[in-house]
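Down below is the structure, laid out as structure tokens.
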Amino acid sequence: MSSTQFDGDIDSFVSYLKSNRGLSANTLKAYRADLTACLHLFELRGVTDLNEITLDDLRSWMAVESRDHARSSMARKTVAVRGFFAWAYEHGLTTTDPAATLMTPSIPSTLPAVLTESQAEQLLDVAEHAVATNQYKDDGGAAAAPGSGKAAGKTADKSADTVNRSEAPARADKRDNARVTAESQRNAAILELLYATGIRVAELVSMDIVDVDFSNRTIKVTGKGNKQRVVPFGLPAQRALETWLEQGRPVLARTATDAVKSRAANALFLGARGGRIDQRIARDIVHRAAREAGVPDISPHALRHSAATHMLDGGADLREVQEMLGHFSLKTTQRYTHVSIEQLKNRYGQAFPRA
């Protein structure tokens with residue numbers, strides 16, 4: 001990321017947002033990058049004072065940026081720049097607010113991609129089958145020490161090197177089998193929880209074990225702006241989570257170094273090396289599961305869309321879905337009613353004789 005002479009002002013603005021707006025770390029990072037790129041462009045044009053920047057300059061910046069960025073990205077960049085200059089004006093850094101009338105690019109309304117209920121069932125069934133297929137009983141015990149008990153006399157002359165060479169591959173295979181089983185159990189639990197609750201992938205990877213309440217079958221979710229909500233989940237998700245926590249998680253936790261283990265001690269989901277799982281791995285799990293199940297390629301966010309749509313199809317109230325998803329605005333949740341209507345129209349066209 002390029003640095004500018006305005007970095008101090010950007011830092012102050014981001015700190016203000018962090019303290020007063022409660023925005024997520026990812027949003028703050030994106031805003032910082034947007035502002036740095038914008039002001040760096042003006043710096044290249046010879047601007048040395050924020051007061052030199054005009055509305056026409058900002059429109060020119062938007063024209064340059066829109067060549068390489070989608071409208072959704074431009075909308076975010078515009079919000080960041082408009083917020084920055086409003087803050088700068090309020091705090092006396094500028095004598096005017098040149099971005100006050102800067103228009104946000106309109107974003108075309110598109111229906112979110114969703115699975116049908118049968119496709120969602122198929123996806124989760126395949127994940128459950130993978131657990132059964134890869135099931136490996138890890139008793140955690142060591143192989144019986146050679147030379148012990150009645151056989152001591154017969155094995156006393158066998159060299160330790162020979163024993164180690166013969167047992168090492170077996171131990172390695174045992175560890176690999178246990179790890180494969182553990183990862184299958186983790187993947188099934190992730191898929192079940194994403195679909196059962198409609199949570200975001202960022203919310204999933206940040207969850208701790210204590211956030212799961214098995215007695216009430218609910219999870220505590222920390223969403224955007226550090227806002228917390230409680231979301232219920234069903235019996236299949238409970239079973240998958242219990243299997244993962246009781247059998248799979250201890251296996252992956254054993255692979256971690258002490259430093260990694262201490263940082264991930266409370267994490268609900270772990271990666272292959274025992275650390276807290278990251279979003280990229282969680283996304284890969286969903287994409288790979290979709291391929292293996294033979295359903296349309298989806299992201300974790302598409303599972304969120306699917307959960308919301310299926311709840312509405314089942315008769316859930318719109319505000320209940322809004323609460324479950326953690327939407328600030330009911331307008332955001334209303335998109336899913338459009339999906340349900342589109343699916344109804346498709347089914348009507350296929351099934352009704354006078355469609």
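The values are calculated or read from the model by the stated rules, or taken from the named source; none is laboratory data. It should be emphasised that the depicted structure is a prediction, and the values quoted were computed from it without experimental measurement. Neighbour counts run over all protein chains shown; Cβ positions are idealised from the backbone, glycine included. Side chains are part of the model used for accessible areas, which takes the heavy atoms of the whole protein and leaves out ligands, DNA and RNA. Shrake-Rupley method; radii C 1.70, N 1.55, O 1.52, S 1.80 Å.
Please pick out the residue among Ile281, Ile298, Ile341 that is modelled with pLDDT of 90 or more and of a type in the set (Val, Ile, Thr). Of Ile281, Ile298, Ile341, the one residue that is modelled with pLDDT of 90 or more and of a type in the set (Val, Ile, Thr) is Ile281.
The set of residues from the stretch 46-59 being over 20 Å from Gln5 (Cβ atoms) and either in contact (Cβ under 8 Å) with a residue 40 or more places away in the chain or of a type outside the set (D, E, K, R) (or both) comprises Leu55, Arg59.
Listed here are the residues, each with its yes/no results for (1) more than 38 Å from the chain's Cα centre (by Cα); (2) part of a helix (DSSP H, G or I); (3) at pLDDT 60 or above; (4) among the aromatic types (Phe, Trp, Tyr).
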{"site": "Arg82", "(1), (2), (3), (4)": "no, yes, yes, no"}
{"site": "Ser109", "(1), (2), (3), (4)": "no, no, no, no"}
{"site": "His129", "(1), (2), (3), (4)": "no, yes, yes, no"}
{"site": "Lys137", "(1), (2), (3), (4)": "no, no, no, no"}
{"site": "Gly141", "(1), (2), (3), (4)": "no, no, no, no"}
{"site": "Pro146", "(1), (2), (3), (4)": "yes, no, no, no"}
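Could you go through the stretch 327-335 and let me know if any residue there is assigned to a loop (DSSP other than H, G, I, E, B) and at pLDDT 90 or above.
First pass over the stretch 327-335, keeping only residues assigned to a loop (DSSP other than H, G, I, E, B): 327-329, 334.
If we keep only those that are at pLDDT 90 or above as well, we get none.
Checking the stretch 327-335: not a single residue is assigned to a loop (DSSP other than H, G, I, E, B) and at pLDDT 90 or above.
Here Ser3 meets the list (1) at pLDDT below 90; (2) part of a helix (DSSP H, G or I); (3) open to solvent by 80 Å² or more (accessible area, probe 1.4 Å) almost entirely, failing just condition (2). A single entry from Ser215, Ser184 fulfils the requirement of being polar (S, T, N, Q), exposed (fewer than 15 other Cβ atoms within 10 Å of the Cβ) and modelled with pLDDT of 90 or more: Ser215. For the stretch 277-304, filtering for residues that are open to solvent by less than 20 Å² (accessible area, probe 1.4 Å) and not in a loop (DSSP other than H, G, I, E, B) leaves 10.
Out of Arg254, Arg200, Arg249, Arg263, one residue alone is within 19 Å of Ile281 (Cβ to Cβ) and in contact with a His (Cβ under 9 Å, 6 or more places away or on another chain). It is Arg200. For the stretch 218-249, filtered to residues that are among the aliphatic types (A, V, I, L, M) and surrounded by 17 or more Cβ atoms within 10 Å (Cβ to Cβ), the residue that is farthest from Leu270 (Cα to Cα) is Val231.
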